[in-house]
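The structure appears below as structure tokens.
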Amino acid sequence: MSDSKIQENLQKEDAYYVNMGPQHPSTHGVLRLRVGLQGEKVIHVEPHCGYIHRGIEKMCEKDTYSQIIHLTDRLDYLSANTNNEAVCLLVENALGIEVPERVKIIRTILDELTRLASHQLWWSVMGMDLGALTTFFYGLRDREKILDIFEESTGGRLLPSFNTPGGFMHDIHPNFVPRTKEFLAYFKKKLPEYNRLLTGNVIFQQRTKGIGILSKEDAIAYGVTGPSGRASGFACDVRKHHPYSAYGMVDFKEILYTEGDSFYRYVARMDEMWESMKIIEQLIDRIEDGPYTAKMKPIIKLPAGEYYQRVETTRGEFGVFVISTGDKTPYRMKFRSPNFANLSALDYMSRGFKIADMVAIMSSLDLVIPDIDR
Amino acid sequence: MAIDIYDFTGMTSAIHESLSAVLSPAATTIVEMTIIGIVFILFYALVGLFLVYAERKVCAFIQCRLGPRRVGPRGIFQTIADFIKLLMKELLMTKNADKFLFNLAPFIVIIASFMAIGAMPFAKGLHALDFDIGILYVLAVSGIGVIGILLAGWSSNNKYSLIGALRSGAQIVSYELSVGMALMTIIIFAGSMQLSEIVASQANGWWLFKGHIPAIIAFVIFMIASTAETNRGPFDLAEAESELVAGFHTEYSGIKFAFFFLAEYMNMFVVAAFGATVFLGAWMPFHISEMIPYAEYFNMGMDFIPGFIWFFGKTGMLILLMMWFKWTFPRLRIDQLLTLEWKYLLPINLVNIVITAFFVLTGFHF
Amino acid sequence: MSNEQLQNYIKELVPEVVFEENTQYLVAVVPTEKIYAITENLKKNASTAFDYMLSLTGVDYPDSYAVVYHLESTKHNHLIVLKAKMDKQNPKIDSVCKVWPAAELQEREVFDFFGVHFNNHPDLRRLFMDEEWQGYPLRKDYKDEINIVEL
């Protein structure tokens with residue numbers, strides 16, 4: 001062992017260990033972090049996962065592709081619709097099915113609504129983690145409006161399971177378009193209010209600026225994607241670089257910052273909300289009448305081979321890797337979860353900061369635990 | 001002056017005289033102290049319950065909610081229901097906790113907040129303890145509370161509690177300085193540490209207005225520092241729930257937790273009342289300058305509002321301000337908290353005291 | 001680099017490499033014992049620069065265990081899939097933690113579910129399952145009478 005390694009181990013032995021989780025107000029789920037402290041300074045963080053491990057990858061090996069869609073909802077439950085879409089896109093691409101343009105557009109709109117809802121929840125929770133409890137109610141108030149749109153059209157508020165290979169379960173509700181427009185008009189007025197309440201606050205900025213800095217190289221090496229990665233300058237937006245659904249048809253900006261600290265991860269998400277609204281605005285008038293699904297066989301069998309599909313969920317790049325033997329169930333199914341990769345950088349990012357900063361870093365990464373554990 | 005219409009001196013001295021007529025002087029003192037004690041306990045419970053209710057309503061208002069509505073009209077009995085629930089809950093204790101200190105801690109915290117109320121001038125003549133070092137006394141007893149918090153954190157045998165307690169220790173010890181220094185400004189202006197004299201010196205105007213710039217600076221510092229001293233947001237690091245679960249009272253349940261909870265609200269009341277006394281003239285009504293035409297009629301109208309309404313109104317305003325802080329600001333970090341105190345508030349305070357002294361010497365105040 | 005250029009580059013690097021056909025991405029089956037050298041070279045070399053590891057997957061093929069690496073270059077935007085196969089008796093492979101720190105948790109996951117041992121891994125423990133858990137759940141021969149209901 002090298003000297004620095006010995007030094008590090010000695011420090012670890014002396015550390016004062018505090019468990020953050022599995023039941024802890026700031027992990028938002030059942031993640032356990034064993035935090036080594038020296039005073040208030042974090043020496044190292046050791047994640048212990050598996051408290052909500054359900055073996056979804058194993059379950060997938062027994063299920064048909066239509067059934068798997070419902071399992072993917074339960075991964076990152078805040079971007080359930082996008083997860084569904086990943087599996088559908090994979091099946092469609094593997095079978096070579098071209099879905100109607102109407103489906104593509106509605107999928108994209110639903111994706112962006114999911115992203116907005118998820119970012120609203122994240123904003124609420126980030127404020128709450130830093131002690132500004134009021135943000136929680138502001139964020140949830142507006143999120144409710146999106147969930148109502150989801151409920152009306154898909155039947156599910158949080159876990160829609162609306163996508164099927166080829167299209168949707170059923171057609172959208174006639175109210176979908178007017179209500180979405182109504183929401184956009186409403187939320188455009190509310191978003192500046194978010195900034196007034198939290199972004200400009202001196203205490204908030206002091207708590208997040210320069211905290212948990214991740215350079216571009218580290219972000220790439222740790223595979224930190226999504227707004228967290230883009231705040232470090234890692235251009236990793238799958239929507240832009242490998243467009244799927246209707247993302248090729250719209251004009252939007254990939255939010256990139258170079259600072260890579262908690263504050264810019266926050267700002268990246270706030271800006272992304274504007275971009276999401278821009279995307280929806282461009283697409284909402286282009287929904288034309290037509291079929292809501294492509295013609296599909298009742299039993300879906302993927303040809304033998306290996307397939308990989310990437311989509312951009314709220315938290316980063318979500319990947320589905322399927323090995324098929326030509327059966328109606330996959331031979332092996334793997335989900336590349338963005339949160340799992342983001343978690344791996346947590347130890348590196350929070351070393352040397354205070355325990356209170358850990359909370360800021362964690363909420364700026366926006367971890368969703370069921371996606372880590374799968 | 002028309003202030004005397006709501007004078008309680010007559011009432012209290014009548015009670016005193018009628019008691020001395022039947023009892024020996026020693027017995028009189030004991031009976032009087034008992035009466036005052038009972039009155040204060042009742043007052044304490046009432047104010048505590050009301051403040052909890054008020055906080056829930058204020059917080060609900062800020063957060064676009066309705067707050068408690070079910071128990072009683074507009075939910076006013078909600079806190080009583082909560083209190084009964086807390087009374088009936090099981091008292092839990094961690095294994096290997098220091099039993100004696102663990103049980104002692106909530107009492108120290110609550111007694112400290114209780115003692116300070118005694119020195120508050122609620123209205124003219126309603127003043128239980130009035131001695132020449134009133135300010136020093138309030139500062140001293142409110143400082144005792146930190147011992148209870150430290151004991152609670154230490155004896156719980158819980159890591160979160162210990163970190164919370166040590167944070168709280170560092171925080172209260174630091175901010176005690178600023179509170180004291182801010183009060184020093186008014187002591188210099190009023191030339192006395194006796195609370196009744198400080199109040200009397202504000203008969204022709206509150207110190208916040210009479211002392212202009214230095215007093216306003218001192219008032220702002222006092223509000224910041226006293227919010228920190230009561231461990232309330234944005235300075236609630238001792239119980240920072242997103243980091244330390246519930247800080248020093250993580251392991252407390254039932255009525256012992258209720259004690260901490262009540263003490264927090266009473267501390268808030270104490271510092272607000274103290275601020276109202278020192279800066280806003282306690283029960284003194286709002287008067288405008290005689291130079292303005294018809295000012296005497298306005299002042300007379302103000303005099304008809306009873307003193308205790310003025311006192312509780314001012315205290316309520318300051319409490320509202322503190323609640324507003326809590327529900328809009330994020331929490332500071334421990335090093336930022338100490339930086340704020342030692343690098344900003346304290347030097348500003350010291351300079352402010354010098355300015356005050358200069359103003360008093362040159363008579364450059366009203 | 002285009003897929004052919006990549007193919008040629010890797011062939012030069014490791015002559016034993018086999019490329020799978022009719023695949024979505026370029027899939028290279030590389031010898032297991034050389035995985036560290038190959039990945040390090042692929043990352044360090046400026047013309048390949050595979051700096052971003054999308055995913056590291058364990059697979060239980062009928063005849064072998066395998067670890068599948070999905071690699072992408074953020075500079076050149078090309079993607080490659082590396083596959084390293086191990087025998088079923090004693091699955092062992094070098095860790096790539098030093099190349100991509102992202103691999104640390106992912107390798108622990110593969111160890112947890114497939115029992116693949118990663119040499120030189122700084123902290124190879126189970127990640128999701130209990131420390132005392134018997135067996136490796138994602139293996140095809142894994143039997144769990146209670147939790148997995150066979151239909």
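Bear in mind these aren't lab numbers, they're just calculated from the coordinates by the rules spelled out. Worth saying up front: this structure is predicted, and the values here are computed from it rather than measured. For neighbour counting, all protein chains shown are included, and Cβ atoms are generated from backbone atoms with ideal geometry for every residue, glycine included.
Just a few scattered comments:
- Cα-based convex hull volume of segment B:1-98 per residue, rounded to whole Å³: 264
- Both radii are taken from the alpha-carbon atoms of segment C:3-103; with Rh as the Kirkwood radius, Rg/Rh is 0.93.
- Over segment A:211-304, the alpha carbon radius of gyration divided by the compact-protein estimate 2.2 N^0.38 Å works out to 1.43.
- Note on C:99-110: average number of Cβ atoms from other chains within 10 Å of each residue's Cβ is 5.
- The packing ranking of peptides A:64-73, C:133-142, highest mean first, is A:64-73, C:133-142, where packing means the average number of other beta carbon atoms within 10 angstrom of each residue.
- Each 10 Å bin from 0 upward holds the following percent of the Cα-Cα pairs of segment B:260-361: 13, 24, 35, 21, 7, 0.
- 222 nm mean residue ellipticity, helices alone, for chain B (DSSP H n ≥ 4; -39,500 (n - 2.57); rounded to 500): -22500 deg cm²/dmol
- DSSP-loop chymotrypsin sites (Phe, Trp or Tyr not before Pro) across segment B:295-341, with at most 14 other Cβ within 10 angstrom: B:F304
- Panel order for B:S20, B:S161, by other beta carbons found within 10 Å of each beta carbon, from fewest to most: B:S20, B:S161.
- Per-residue mean of C-beta atoms belonging to partner chains within 10 Å, peptide A:51-62: 3
- A:I369 sits among other residues whose Cβ lies under 14 Å from its own Cβ, and their net charge, with Lys and Arg +1 and Asp and Glu -1, is +1.
- The aspartates and glutamates whose alpha-carbon is closer than 18 Å to the alpha-carbon of C:K11, local same-chain residues fewer than 8 away aside, are C:E20, C:E21, C:E33, C:E40.
- Cβ-Cβ distance of B:M11 and B:F100, R₀ of 41 Å, FRET efficiency by 1/(1 + (r/R0)^6): the value works out to about 0.40.
- Within 10 Å of each Cβ in C:52-65, the average number of Cβ atoms from other chains: 5
- Against chain B, whose longest principal axis comes from its Cα atoms, helix B:307-328 is set at around 40 degrees.
- Reach of B:K159 by Cα under 20 Å, taken over lysines that are not fewer than 8 positions away in the same chain: A:K12, A:K41, A:K354, B:K95, B:K99, B:K256
- For the residues A:I287, A:I213, A:I106, a GNM of chain A with alpha-carbon springs under 10 Å puts the largest fluctuation on A:I287.
- Averaging the Cα positions of each part gives two centres, and for segment B:135-149 and segment A:164-197 these lie 54 Å apart.
- Cα-based radius of gyration of segment A:144-236 once divided by 2.2 N^0.38 Å, which approximates compact folds: 1.54
- Segment A:255-275-segment A:320-347 distance, computed between alpha-carbon centres (Å): 27
- Once the Cα atoms are used to define both axes, helix A:355-365 deviates from the longest principal axis of chain A by about 20 degrees.
- MRE, 222 nm, helices only [DSSP H, n ≥ 4, -39500 (n - 2.57), over chain A, to nearest 500]: -15000 deg cm²/dmol
- Restricting the chymotrypsin sites (Phe, Trp or Tyr not before Pro) of segment B:121-212 to loop positions (DSSP other than H, G, I, E, B) with no more than 16 neighbouring Cβ atoms within 10 Å leaves B:F131.
- DSSP beta bridges confined to the protein assembly as shown are antiparallel in about 85 percent of cases.
- Taking every alpha-carbon pair under 8 Å whose residues sit at least 6 apart, segment A:189-316 reaches a relative contact order of 29 percent.
- If you run the Gaussian network model on chain B, springs between alpha carbon atoms under 10 Å, then out of B:V22, B:V138, B:V199 the most flexible one is B:V22.
- Estimated inter-spin distance, B:Q336 and B:V173, nm [label 7 Å along Cα→Cβ]: 2.4
- Each Lys and Arg Cβ is given +1 and each Asp and Glu Cβ -1; about its Cα centre, segment A:3-373 then shows a dipole of about 240 debye.
- Gaussian network model of chain C, springs between alpha carbon atoms under 10 Å - residue of C:D60, C:D87, C:D51 with greatest fluctuation: C:D87
- Fully extended contour minus Cα-Cα distance, from B:S24 to B:M302, at 0.36 nm per residue: 95.9 nm
- Stokes-Einstein diffusion for segment C:49-106, with the hydrodynamic radius set to the Kirkwood value over Cα pairs and evaluated at 37 °C in a medium of 0.692 mPa s, equals 270 µm²/s.
- Helix B:346-362 vs. chain B, principal-axis angle (Cα, 0 to 90°, nearest 10): 10
- Within segment B:192-331, the proportion of Cα pairs with more than 27 Å between them is 33 percent.
- Our note on the geometry: Cα centres of segment B:205-223 and segment A:280-318, 65 Å apart.
- Kirkwood hydrodynamic radius of the protein assembly as shown, from the reciprocal of the average inverse Cα-Cα distance over all distinct pairs: 31.1 Å.
- Projected area, mean over directions - segment A:3-373, Cα convex hull, nm²: 18.4
- For chain C, the 222 nm mean residue ellipticity estimated from helices alone, with every DSSP H stretch of n ≥ 4 adding -39500 (n - 2.57) and the total spread over all residues, rounds to -6500 deg cm²/dmol.
- Charge tally for C:V17 (other residues, Cβ to Cβ under 15 Å; Lys, Arg +1; Asp, Glu -1): -2.
- Fraction of antiparallel bridges per DSSP, segment C:3-103 only, in percent to nearest 5: 80
- Average projection area in nm² (convex hull over Cα atoms of segment C:35-151, one quarter of hull surface): 8.3
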